[in-house]
Structures are given as structure tokens and as C-alpha cells.
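Accompanying notes for the structure given below.
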Amino acid sequence: MDNPARRAANVLGAVFQVAASPVGGLLAGASVGEVSGRNPTLVVPAGYAFSIWGPIFGLCLVYAVWQALPGVRLPGGVGWSTAGAFFLNGVWELVFPFGLFLAAQAVLVGSFLCAGAAYLGLREVGGRAGGWLAALPVGLLFGWLSAATFVGFATTLEGLGVESGVPASCALLLAAGAVAAAASGLRGVPAQGRVACGAAGIWAFAAVVAGQQEDPWPIAAVAVAAAALVALGLAAGLLRRSPARGGANRAWSGGLWRGQ
């Protein structure tokens, strides 16, 4: 749908989520990483994991510019949902450094839901451009938020003085893995989005394994299981389109390049 307000909201939201992080750190006197480091949890990922925001921010900016072009038409559910996810990401980056954990987690859940709505809406997006310029950034964003939102509950509890413990931490990891696996295997979403979603989830769970320091085996084992679950979901989704005649490889590559 051609909607100037939606186009503008995405451009402003994509810029806002990039600018909000340094602004939030400056206002609060502490960065997101510093506040997170003061409230360590059993499921905190290794620091390198957060470098994924570089590609996410960059791809979201490209998407925002693309969707603002006069000839581009997007389903309303996708366009408004991405704008909501971008703005809420920026709000989270402003709120979390102040240690407002409950508010920050509520905003993070809202961003996750918006990104999920956009991801589901990708089933109505067709064409090679839609696959690469819409599905790729949305898939990467939703895959990361699928892990970050559930892990964020542990950080919120820690910030409130409540230790999540091994059983609760394992449950959060498995829930995140189940969501990412289901999304990665969702039929109808362009393959670029499914691959990006699965890759982001696996990246997050691998970083949880790398982040384990003391008595790591229970959390690490569950994180490996969550990553394996995502990999299986992604593989099942990519191979599901195999026709009666022809091999799975042809089905996979055809779905990838046609954006199906």
C-alpha cells in the first residue's frame, strides 16, 4: 500500500534506533553494555554477540530507504510493524541505561511483537527485491529479538534483585529456541528472511555458550540444544518445498532466489 506516513515513519524509526544508543548512554552516564555488565545472568551472551546490531542497523536503513521509493508497495502490516519495531528499539536504548528494567523489558517485548508481526507479514511480500531488501533485515531483526527478549527476562529479574536460577534460565533459552525455530521454518516467508532469522538465533545461542564462565555445562548444553532446534527448523522449512520430481537442492536454491 502507498502510504506516505508509513514511509516516513520507517525512515525516522530506522535513524532513531541508530542514534538512540549513544544518546541514551550519554544521558544516563552509562552504556547498555555497562548496565548489563552490572547485572550479569546465567544466560548473558559473550560480548561479541552484540556486534550483530551493526548489520541489523545497516540493513534496516537500506530497507527504510527502499520502502520510501515511489514505486515500492508493501503490505500495511509489514510497513507499520517495522516502523513500530524500530521506534521501540530506540526507546529501549534510551530506557535501559537508566536501570528501568521493568519498563525496558516491556518495551523490548513490544519491539519483539512488532518484529514478529512484520515477519509474518513477509508472506505477502513477493519478488527478488522484497526478498532481499525486506525479508533479510526483518528476518535478522526478529531472529535476534527472539533470543534477546527471552534472555532479557533474566536480566530484568537480576536487576530487580531476583536470581533467575538454572531451571528458569534453561526454560528461557528453550522458549527462545522454539520461537526462532518455528519462525525459521515458517512456510511462505521468503527464504532470505528464514535464513537470516535462523542465523541470528544460532549466533545468539552460540554466544551464550561462549559466555559461560563458571559451572557452564547446564546452560551451555541447553543453549546448544536451542541452536540445534533452530537449525533443524530452518532446514525443515527450506527442504519442505521439495517437489515430487527434482532434488532438495533445487528446491532450496529455487526458493532462495525466487524469494519464496
At 7 Å along the Cα-to-beta-carbon direction for both residue 240 and residue 171, put a label point, then send me their distance in nm to one decimal.
-> 2.8 nm
Determine, for each peptide in 42-52, 17-27, the mean count of other beta carbons within 10 angstrom over its residues, then list the peptides with the highest first.
-> 42-52, 17-27
Would you mind computing, in nm to one decimal, how far apart the modelled labels at residue 62 and residue 8 are, each placed 7 Å from Cα along Cα→Cβ?
-> 2.7 nm
Proximal charge balance of residue 123 [Cβ under 13 Å; K/R count +1, D/E count -1] = +1
If unit charges are put on Cβ atoms (+1 for Lys and Arg, -1 for Asp and Glu) and the dipole of the chain is taken about its Cα centre, the option from 132, 98, 196 lying farthest towards the positive end turns out to be 132
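Between residue 228 and residue 182, what is 0.36 nm times their sequence separation minus the Cα-Cα distance? Round to one decimal in nm. Walk me through the numbers on the way to the answer.
Values: separation 46, 0.36 × 46 = 16.56 nm, distance 1.24 nm.
Separation in residues times 0.36 nm, less the Cα-Cα distance, equals 15.3 nm.
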Got a sec? Charge dipole of the chain, +1 on Cβ for Lys and Arg, -1 for Asp and Glu; which of 148, 40, 165 is way out at the positive end?
-> 148
Counting Lys and Arg as +1 and Asp and Glu as -1, each charge on the Cβ, what is the dipole of the chain about the Cα centre in debye, to the nearest 20?
-> 1360 debye
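Kindly point out which whole DSSP H helices in the chain project their C-alpha atoms 18 angstrom or further along the helix axis while averaging a Kyte-Doolittle hydropathy of -0.5 or above. Could you put the intermediate results ahead of the total?
Working: long enough: 4-28 (34 Å, 0.90); 53-67 (20 Å, 1.24); 76-95 (28 Å, 0.85); 101-121 (30 Å, 1.70); 136-159 (33 Å, 1.28); 165-184 (28 Å, 1.73); 191-210 (28 Å, 1.33); 217-239 (32 Å, 2.21).
Taking the DSSP H segments of the chain (at least 18 Å long, mean hydropathy at least -0.5), we get 4-28, 53-67, 76-95, 101-121, 136-159, 165-184, 191-210, 217-239.
With n ≥ 4 as the cut-off for DSSP H runs, can you work out [θ] at 222 nm for the chain, using -39500 (n - 2.57) per run divided by the number of residues, rounded to the nearest 500?
Numbers: 10 runs with 186 residues, N = 260.
The helix contribution divided over the chain gives -24500 deg cm²/dmol.
Here, each number is a calculation from the coordinates, and none is a lab measurement. Quick caveat: nothing in here was measured; it's all calculated off a predicted structure. Here Cβ is always computed from backbone atoms with ideal geometry, including for glycine, and neighbour counts include all displayed protein chains.
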